[in-house]
Amino acid sequence: MSQSLTTQDAIEDRVLLVEDELPLLELIGNYLRSELQCEVHCAVDRAEAEALLDCYSYSLIITDLSLTPQRLDGLGIIEDVADIHGRPKIVALSERGTGKLKSLALGLGADVFLEKPLLQLASTLRKLISSTSHTPPKPPTGRLLQQLLSEGGIVPMAQPIFKLDGDSCSLAGLECLSRGPGGTP
């Protein structure tokens with residue numbers, strides 16, 4: 001059963017906003033922070049969005065479908081979110097409101113398709129947030145998790161830390177870290 005979020009719940013929620021038009025990104029981000037009182041993370045392209053998705057869980061994702069000219073990177077974000085992060089609410093934004101594009105976005109998992117200019121954005125976001133049940137974040141699943149858990153998916157690395165003192169150089173320590181598979185955020 002869905003429940004309305006209280007102000008306190010909304011502060012605990014995280015929203016990912018993916019938009020390459022900086023004035024619109026700022027406008028929507030400020031609205032979400034002030035009206036819905038939630039934490040907002042912003043990305044201007046798919047790579048930034050994917051890096052954030054690997055680090056955080058989101059209750060709402062708002063993505064422009066056309067993040068680069070002639071490419072619909074936002075559709076890939078919707079597909080990745082449905083595969084990796086379970087089921088946050090997803091709003092797809094586009095200047096090209098064709099029926100085919102709308103069907104693609106909704107078919108991949110978007111809950112709402114909105115055309116720009118976004119006159120109805122405020123009421124749509126209120127409805128989506130109020131219908132979101134507050135559930136604990138799901139662990140990652142899908143392709144990225146399989147890739148990480150496969151042999152060689154996570155590689156331990158050691159990196160020396162040097163102390164420079166005038167003309168002398170000495171080993172001061174060692175930083176240990178892990179790297180994921182090449183080509184992943």
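Take the Cβ-Cβ distance between Glu48 and Glu95 as r, set R0 to 30 Å, and report the resulting FRET efficiency rounded to the nearest 0.05.
0.90
Between Leu174 and Glu79, what is the label-point separation in nm under the 7 Å Cα-to-beta-carbon projection?
The answer from the label model is 4.3 nm.
Between Leu22 and Gln146, what is the FRET efficiency for a Förster distance of 25 Å, r being their Cβ-Cβ separation, to the nearest 0.05?
0.10
Step through the residues of the stretch 15-22 one at a time and calculate ³J(HN,Hα) from phi using the Karplus curve (6.51 cos²θ - 1.76 cosθ + 1.60, θ = phi - 60°), rounding each to whole Hz and writing x for Gly and Pro.
Once rounded to whole Hz, the list reads 10, 9, 10, 10, 7, 8, 8, 4.
Taking the Cα-to-Cβ direction at Lys127 and at Tyr56 and moving 7 Å from each Cα, how far apart do the two end points lie in nm?
The two pseudo-label positions are separated by 2.6 nm.
If amide hydrogens are placed 1.01 Å from N in the peptide plane, which non-local residues have theirs closer than 5 Å to the one on Val40?
Sorted by chain and number, the residues that satisfy this are Val15.
Taken together, the values in this text are just the output of simple stated rules run on the coordinates, not laboratory data. The shown structure was predicted, so the numbers you read here are calculated from the model rather than taken from an experiment. Cβ atoms come from the backbone with ideal geometry, glycine included; neighbour counts cover every protein chain shown.
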